[in-house]
Amino acid sequence: MVKLMTNFERTYKGVRIVVLTGDITKQEVDAIVNPANSLLIMGGGVAGAIKRVGGKEIEDEAVKYAPVSVGEAVATGAGKLMAKYVIHAPTMERPAMRIEDKNVQLSVRGALKCAEGLGIRSLAFPGMGTGVGGLSLKEAARVMVKEVKEHVDKRTTLKQIVFVGFSDDLTRAFERAVNETLATRQL
């Protein structure tokens, strides 16, 4: 595993949980997660950044799987990114929809299930639902970390999960959620 410049790190049941401020497209992990729409059109936000940096071939491959329901996820190649895969986990049915925290929960669950199916060892998440989805940073981070905890509690082949904040505010929200959700008694 590549040493990351971390803001915060904790180990939970053998899984390295990392929180950092940065660019999801620059993460050296097996896969990054795209908080997609069900049509897998990569327009703006995180999806647009992934397409700009990784190449249009990511979107071209993704749309072949569309539509993908919220709660499901599909993996594509990662084009020019350092990751091997992009896991497209819809948080919304159509582009630019407002969503609820349940959408984020289902999206993260789908991404984790997809990662397990591919035997991925390291996975990076951006804020899911924090852009056009309209969720507060605090609520999105809380739901995401809770879903990761439930996944790790069941058993996982993942060895590292990275929460990438695009801003210091999102990074702090991830840090608080990790501290509140991953109680030290289980570390």
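Points to keep in mind about this one:
- When the stretch 9-60 is limited to residues that are over 17 Å from the mean Cα position of the chain (by Cα) and assigned to a strand (DSSP E or B), the one that is nearest to S107 (Cα to Cα) turns out to be Y12.
- H88, sole failed condition from (1) modelled with pLDDT of 95 or more; (2) in contact with a Gly (Cβ under 8 Å, 6 or more places away or on another chain): (2)
- From the options K113, K26, K13, K64, residue that is of a type outside the set (A, V, I, L, M, F, W, C) and either surrounded by 18 or more Cβ atoms within 10 Å (Cβ to Cβ) or touching an Asp or Glu at 6+ places or on another chain (Cβ under 8 Å) (or both): K13
- Applying the condition of being of a type in the set (F, W, Y) and either within 17 Å of V148 (Cα to Cα) or crowded, with 21+ Cβ neighbours inside 10 Å (or both) to the stretch 161-176 and asking which residue is farthest from the chain's Cα centre (by Cα) yields F174.
- Positions within the stretch 131-141 being within 13 Å of the chain's Cα centre (by Cα) and either more than 12 Å from N103 (Cα to Cα) or at pLDDT below 95 (or both), in sequence order: A141
- Residues being farther than 24 Å from G119 by Cα and surrounded by fewer than 20 Cβ atoms within 10 Å (Cβ to Cβ) - total across the stretch 137-156: 2
- Residue that is farthest from the chain's Cα centre (by Cα) [pool: residues in the stretch 72-128 that are assigned to a helix (DSSP H, G or I) and within 22 Å of E57 (Cα to Cα)]: L118
- Any pair with Cβ under 7 angstrom, 6 or more apart, that starts in the stretch 44-63 at a residue that is free of Cβ contacts under 8 Å to residues at least 60 places away in the same chain and ends at one that is surrounded by fewer than 17 Cβ atoms within 10 Å (Cβ to Cβ) and of a type in the set (K, R): V53/K80; G54/K80; G55/K80
The values are calculated or read from the model by the stated rules, or taken from the named source; none is laboratory data. These figures come from a predicted structure and were not determined experimentally. With ideal geometry, Cβ positions are generated from the backbone for all residues, glycine too; neighbour counts draw on all protein chains shown.
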